[in-house]
1. Checking the conditions here, which among GLN328, GLN309 is surrounded by fewer than 22 Cβ atoms within 10 Å (Cβ to Cβ) and either under 15 Å from the mean Cα position of the chain (by Cα) or not in a loop (DSSP other than H, G, I, E, B) (or both)?
2. What number of residues within the stretch 552-600 are among the acidic types (Asp, Glu) and closer than 22 Å to LYS525 by Cβ?
3. Just checking: which of the strands (runs of 3 or more DSSP E) contained wholly in the stretch 497-600 hold 1 or more residues that are more than 30 Å from GLN456 (Cβ to Cβ), free of Cβ contacts under 8 Å to residues at least 40 places away in the same chain and not hydroxyl-bearing (Ser, Thr, Tyr)?
4. Could you tell me whether ILE594 is within 40 Å of the chain's Cα centre (by Cα) and at pLDDT 95 or above?
5. Identify, please: which residue in the stretch 406-460 is over 22 Å from GLY364 (Cα atoms) and of a type in the set (Phe, Trp, Tyr) and is, among those, modelled with the highest pLDDT?
6. Would you tally the residues in the stretch 404-442 being assigned to a strand (DSSP E or B) and either closer than 17 Å to ASN55 by Cβ or touching a Ser or Thr at 6+ places or on another chain (Cβ under 9 Å) (or both)?
7. List every residue pair whose Cβ atoms sit under 8 Å apart, with the two residues 6 or more apart in sequence or on different chains, where the first one lies in the stretch 286-315 and is at positive phi and the second, anywhere, is in a strand (DSSP E or B).
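The values are calculated or read from the model by the stated rules, or taken from the named source; none is laboratory data. Because the structure is predicted, anything quoted here is derived from the model rather than measured. Virtual Cβ from ideal backbone geometry, glycine too; neighbours counted across all protein chains shown.
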Amino acid sequence: MKPTGLVSGLQVLVALRRESKRRWLPPPSPPLAAALIGALLAFLALPPAMATLGNEFQVNTYTTGDQDTPAIAMDANGNFVVVWSSSVQDDGGGWGIFGQRYDATGTPQGSEFQVNTFTTGDQFLPAVAMDTAGNFVVVWNSEFQDGSGWGIFAQRYDATGTPQGSEFQVNTYTTDNQALPAVAMDADGDFVVVWRSDGQDGSAWGIFGQRYDAAGTPQGSEFQVNTYTTSDQSSPSVAMDPNGNFVVVWESYGQDGFNSGVFGQRFDASGTPQGAEFQVNAYALSSDSDPAIAMDPNGNFVVTWAGGQDGDPDGIFAQRYDAAGVPQGIEFQVNTFTTSIQGWPAAAMDADGNFVVVWRSPYGIFAQRYDASGAPQGGEFHVNTYALGNHAHPAVVMDADGNFVVVWRSDGGDGSGYAIFGRSFPGTFIPDATFTGKVKDVAKQPLAGATIEAKQGGITLFSTVTAANGSYTLQVAAGTYDLVAWLASYLDATKTLTINAGQTLTEVKFKLFRLSFFEGTVTEKGTGTPLDGALVEAIRNGATVASTMTAYDGSYILQVTKGTYNLRASKTGYKTKQKLDQTIGDGATKTVNIALPLLP
C-alpha cells in the first residue's frame, strides 16, 4: 500500500539517498523457484521472539505493509533498542517511526512503541544512540513538519523507555530539505546529531550538526561540518567516545578528483574541530560511498564504506585510525566474495578495539570480524538464515566484550512485505581448526556465494561463503559440528564431522541439488471445478517425499529435486488418482494437472 504524502516512503528513500548516484541497485528478481518458496514460507512466519544467542529473531510485531531502515543502539550492560520505519502503521497513514526495547538476554521489554508524535506525511530513516545507563535518543526525517520539505526531529527516552519531554526539531535552517540524520551519544547522555542539508553551505548539499546536553538542551548553534563545499556532501555518519569527543564522516562528490570520496572531521567535546577535514579513501579511481564509523572508549575508530576497486561493482573497504586521527595501516578490503554489488556497510567496536563490519551482498547480509590490530578473525559469514528475497539495510551494535547484534530489513520474513529481523553473536572467537573444500552443483559446476555453516545444537557458531570457484575455508574451534552448505534455490546438504585442535580437514565437499517444482491444479473430472483442500503428494520409490494441500483455486506447488515421481491427488468424496512416472530436471518447473472423479 502506498503511503500518503508527496511521495511514497520507498520513493523518499530513493530521493534522499540518490541511489542512482550512489550506485546501489537491488539485485535482479530471484528465480521462480525461490519466489515460489518465499510465497509458501510467508504463511509460516512466526511472531517476534526472544533474541536468543545465534538465532534469527523478528523485531516488529505489527506486520501489515512494510517495515524498513532499522537502526540499533546498546548500553554498557548489553541492553539494546531497535528502531525502524513502518508504513501505514501510524494514524497519519504514511510512514512512521517505531521501536522495541530488549534486555541483555534478548528478551523484549514491553511492546513495540511509536516514536513520532507528528504523523502528517511521512516520517522515515531513523537513527538511535544510547548512553551507558540505557537512556536513548531517536532522530528521524519528518515531512512537512518544519514548514519546508523534510526536517530533522528527535525524541529522548529514559532507560525504561519513557519519553522525556516532547519530540523536538533539530535543524534550525529549514529551507529546502534536511535529511539523512545520524546521532551519537557519550557516557553521560550528551549527544550530537548530524545531517545533510540542501543549499545551506552555498553549494548543493552540505553536512551540518547540533550538539545537546543530556537534558536535550542545545549546546551552541547548529554548525557546518564540511569545509569543502563544492558540489554535494551527503550521507553522514558519526561516532562519539565516552568523554564526548566525536568524529563525523561523509560522502563528498568530486573532492578526491574522481566522482565521490569519503571524508571526515574530528571534534572535541566542546564541538571544536580538531585539525582539518581529512580524506579517508586512499584509492580514488572509483566512487566511494555509504560511509559508516565506529569508535572504542579510547577514541580509536574505524571507517568503512562501499568502493569500486574490488573488480566487480562495489566492494566493502575500511580504514583504522587512532584517537589522534592518525591512520593505522592502510585501507583494506573487507568482503571476500566480490561478485555483483556489496554495499550499505555498518560497523561496531568493543572496549578493546575489536570490531565487526556488516554489509549487504546480493540476497543476504554478511559480516567479518577483526581484532584490534585489524587482523581478520575467521572468514566472512552469512548473518541472515531466512535466505529468500532481498535483504538490506544492516545495522550493528557491539558490547564491551565483543558480543554483537545485527538487525536488517528482511524481505518476506514476517509474511507481509518487508520486516525487521535480527541476530545476536558471541564475542568469543578462538579458531584453532579448519575445514576446507568445495561446493558444486549436480553438473559439477562450482557454486559461488554458497554459505557453509558449522552448527551445534542447531545454532550457527561459525560460517563463511564460497569463492567464485566454489572453494571455502572455514575456521572453527575444535569440536563436533553439523556442517551445512546452502544456497538460495538449492536443497541444503549436511555433514556431521569432528575436528580436533590444530587439525585441518581438507576436501570436505558438498553437492547441492537445485530445487525443482511440480505445479498445477486439481479439478473435478467432467465439470472442471477447482478442488480446494485436496492432498497432492510426490512419491518416489514408494515413499512420499513432498506433499501439500491445494489452494482455493485448486492450485498446488510441490518442492522436489530432480528425478522421477508419481504424483497422487486425493480428497474426501473423490477417487484417488495418480500421474505416473513424472520426470523433472534439475531446477525445472513442470505443470501436472489432475482431475478427480466423484465417488459413486
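1. GLN328
2. Residues that pass the stated criteria total 2.
3. 535-540, 543-549, 563-570, 577-584
4. Values: within 40 Å of the chain's Cα centre (by Cα): no; at pLDDT 95 or above: yes.
No: the conditions fail for ILE594.
5. Here the residue is PHE435.
6. Qualifying residue count, the stretch 404-442: 22.
7. Partner pairs satisfying both residue conditions: ASP290/SER235; ASP290/GLU251; ASP290/TRP305; ASP290/ALA306; ASP290/GLY343; ASP290/TRP344; ASP290/PRO345.
Let's see how each residue does on (1) within 23 Å of ARG369 (Cα to Cα); (2) among the hydrophobic types (A, V, I, L, M, F, W, C):
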| residue | (1), (2) |
| --- | --- |
| GLY415 | no, no |
| SER424 | yes, no |
| ASP432 | yes, no |
| LEU447 | no, yes |
| GLY458 | yes, no |
| TYR472 | yes, no |
| THR480 | yes, no |
| LEU505 | yes, yes |
